[in-house]
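See structure below.
The values are calculated or read from the model by the stated rules, or taken from the named source; none is laboratory data. Keep in mind it's a predicted model, so treat the numbers as computed, not measured. Cβ placement follows ideal geometry from the backbone for every residue including glycine, while neighbour counts extend to all protein chains displayed.
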Amino acid sequence: MLIIPELGASIVATGATASAVRVGLATGCALAVCFAGSATLWWLYFDRVAAHARGGLARSGDESGVLARDAYTYLHIPIVAGIVLVAVGDELVIAHPGAGSTWFSCLALAGGAAVYLVGHLLFRARMTHTTSRPRIVAVAALLVLVPVGRALPQLALAAVVACGLAILAVIETRERLADERRAA
């Protein structure tokens, strides 16, 4: 699975960037925020998306090979691209947590998270022919944050993105638990 190494690489890059700078309070906060964001990306993939994929493959019958090829190759491209973009944004935040956000850092942090979620939406649509309203709302909010985020320091922007992703994860986990209770 390509997602685990990509998320791991983003955490390693975060650590490498931190080792090259003086670690003070702001950098420590940046490390915590960036790690929380990476952990939330992991949770969003493996809590709901992976379960939808298993169910879609199980129901696909003779089309399972084509479905798996589409879903795990082509449709993972935006997911991986989103992880890479967020990792680049994390490196910027850790290197200069108090710096003002630039177009590039906004695109990397908020735009990267949006690309990641769009990849999830495409993946889910292909696997299950369904979508997720909370993820669509999250993508819209992240896209709004790209131009608006320039008013924030990079650390604050990273924190807003991580908090938004964490809220989405909580909403989806609650939905999953409610679905499981109904099914039992």
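Within segment 75-83, one or more residues are assigned to a helix (DSSP H, G or I), at pLDDT below 90 and more than 11 Å from the chain's Cα centre (by Cα). Give me the pairs: first residue in segment 30-55 and on the phi < 0 side of the Ramachandran plot, second residue surrounded by fewer than 22 Cβ atoms within 10 Å (Cβ to Cβ) and among the basic types (K, R), beta-carbon distance under 7 Å, and six or more apart or on different chains, which are they? Listed by first residue and then by second, the contacts come to D47/R176; R48/R176; V49/R124; H52/R124.
Taken over segment 52-71, the criterion of being closer than 14 Å to M127 by Cβ and surrounded by fewer than 14 Cβ atoms within 10 Å (Cβ to Cβ) is satisfied by R54, G55, A58, R59, G61, E63, S64, G65, V66, R69. Scanning segment 93-146 for residues that are polar (S, T, N, Q), surrounded by 21 or more Cβ atoms within 10 Å (Cβ to Cβ) and in a helix (DSSP H, G or I) yields a total of 1. Here segment 79-92 is the region considered, the condition is being farther than 24 Å from A50 by Cα and of a type outside the set (A, V, I, L, M), and the residue that is surrounded by the most Cβ atoms within 10 Å (Cβ to Cβ) is D90.
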